[in-house]
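*Asks:* Structure provided below as structure tokens; questions to follow.
The values are calculated or read from the model by the stated rules, or taken from the named source; none is laboratory data. Not measured: the values here are computed from a predicted model. Positions of Cβ are generated from backbone atoms using ideal geometry, with glycine treated the same way; all protein chains shown enter the neighbour counts.
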Amino acid sequence: MYRAWCRFYGPLNDLLPPELRQRDIPWDWDTPEPVREMIEGLGVPHVEVGLILVNGDAVSWEHRLDDGDRVAVYPHFFTLDPATPISLRSTKEPVERFVLDVHLGRLARWLRLLGIDTAYTNDCDDETLASISRDEHRILLTRDRRLLMRTAVEHGLWVRTQEPRAQLSQVIERYDLLSLARPYTRCAHCNGLLVPVTRQEVAHLLQPRTASTYSEFTRCQGCGQIYWPGSHLRRLRTLLNTVQQHLLEKAEPTEAEDPEV
């Protein structure tokens with residue numbers, strides 16, 4: 001029987017039970033195994049990890065553990081620059097391309113309304129989601145940590161809350177989506193692109209009051225859904241303002257920090 005010690009840093013602790021957070025965790029094994037077995041065995045999916053150090057040296061997922069090893073596991077964007085950096089991914093992270101599991105329907109709708117390319121249906125099984133993530137080069141967002149441990153999934157994020165607004169805040173912050181948002185350029189229903197149309201082109205599809213009140217319309221190239229700047233636009237702006245305020249509050253220094261540093 002062999003034993004190594006593992007410690008997780010930053011938001012990776014969110015994925016651990018409270019009694020294992022911010023501490024050295026023992027890991028025992030009796031046959032040779034790569035460091036990935038330890039990390040995912042402790043509940044942290046590989047897609048959440050940005051850097052692994054074993055006894056101070058950066059290693060890959062295939063690195064074999066030895067008795068007495070000290071393993072430090074860091075999230076993405078952690079401010080640490082090892083002497084010999086090793087990439088844990090074979091492909092670059094997609095920009096603004098996502099696929100969501102069946103439990104994130106509200107989040108999918110909001111991301112689409114922000115103009116973010118978001119694949120979602122309410123009947124995809126885990127194997128299909130993993131395949132879409134790999135084949136279409138999309139970041140997989142899910143509430144299921146086991147799904148993120150599938151080999152086919154190289155880019156993903158465990159959504160840490162069930163509250164939709166908090167989910168949106170987490171995703172926007174993690175992927176800096178505020179700078180990429182193009183509201184009302186995608187269809188909330190099918191993810192298709194919206195194109196401008198004249199009132200005359202769609203008047204026969206609208207309620208008379210809508211046709212007489214609004215002059216700007218767009219139509220989805222995929223499903224034909226028609227959009228106009230009504231109350232839903234105001235609600236989206238309110239939602240974005242709420243998210244921005246939340247992110248600003250998180251960025252503010254606490255009393256224990258010196259804002260001048």
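*Asks:* All but one of (1) under 25 Å from Gly10 (Cβ atoms); (2) part of a loop (DSSP other than H, G, I, E, B) hold for Cys124; state the number of the condition that does not hold.
*Replies:* Tallying (1) under 25 Å from Gly10 (Cβ atoms); (2) part of a loop (DSSP other than H, G, I, E, B), Cys124 fails exactly one: (1).
*Asks:* Among the residues of segment 31-43, is any touching a residue at least 24 places away in the same chain (Cβ under 8 Å), of a type in the set (Lys, Arg) and crowded, with 17+ Cβ neighbours inside 10 Å?
*Replies:* Within segment 31-43 (the criterion being touching a residue at least 24 places away in the same chain (Cβ under 8 Å), of a type in the set (Lys, Arg) and crowded, with 17+ Cβ neighbours inside 10 Å), the answer is yes, since at least one residue qualifies.
*Asks:* Suppose the filter is in a strand (DSSP E or B), in contact with a strand residue (DSSP E or B) (Cβ under 6 Å, 6 or more places away or on another chain) and among the β-branched types (Val, Ile, Thr); does Val47 pass it?
*Replies:* It is false that Val47 is in a strand (DSSP E or B), in contact with a strand residue (DSSP E or B) (Cβ under 6 Å, 6 or more places away or on another chain) and among the β-branched types (Val, Ile, Thr).
*Asks:* Step by step: first the residues of segment 88-125, then only those that are more than 14 Å from the chain's Cα centre (by Cα) and aliphatic (A, V, I, L, M), then the one that is farthest from Leu236 (Cα to Cα). Which residue is that?
*Replies:* Out of the qualifying residues, it is Leu88.
*Asks:* Sticking with this one: Which residues, counting only those in segment 181-218, are in contact with a strand residue (DSSP E or B) (Cβ under 9 Å, 6 or more places away or on another chain), in a loop (DSSP other than H, G, I, E, B), surrounded by 11 or more Cβ atoms within 10 Å (Cβ to Cβ) and not aromatic (Phe, Trp, Tyr)?
*Replies:* Within segment 181-218, Thr185, Cys187, Ala188, His189, Cys190, Asn191, Gly192, Leu206, Glu216 meet the criteria.
*Asks:* Related question: Evaluate the following for Leu129: is it within 15 Å of Arg7 (Cα to Cα) and either touching a strand residue (DSSP E or B) at 6+ places or on another chain (Cβ under 9 Å) or crowded, with 18+ Cβ neighbours inside 10 Å (or both)?
*Replies:* Considered against the rule, which asks whether it is within 15 Å of Arg7 (Cα to Cα) and either touching a strand residue (DSSP E or B) at 6+ places or on another chain (Cβ under 9 Å) or crowded, with 18+ Cβ neighbours inside 10 Å (or both), Leu129 comes out as no.
*Asks:* Return the total of residues in segment 1-26 being in contact (Cβ under 8 Å) with a residue 40 or more places away in the chain and either within 26 Å of the chain's Cα centre (by Cα) or buried (at least 16 other Cβ atoms within 10 Å of the Cβ) (or both).
*Replies:* 10
*Asks:* Oh, and also: When residues of segment 94-113 are filtered for being out of contact with any strand residue (DSSP E or B) (no Cβ under 7 Å at 6 or more places or on another chain) and in a loop (DSSP other than H, G, I, E, B), how many remain?
*Replies:* 3
*Asks:* Can you name the condition, by its number, that Leu178 falls short on among (1) touching a residue at least 60 places away in the same chain (Cβ under 8 Å); (2) part of a loop (DSSP other than H, G, I, E, B)?
*Replies:* Looking at each condition in turn, Leu178 falls short on (2).
*Asks:* Can you name the residue in segment 151-183 that is touching a Ser or Thr at 6+ places or on another chain (Cβ under 9 Å) and more than 21 Å from Phe77 (Cβ to Cβ) and is also modelled with the lowest pLDDT among such residues?
*Replies:* Arg165
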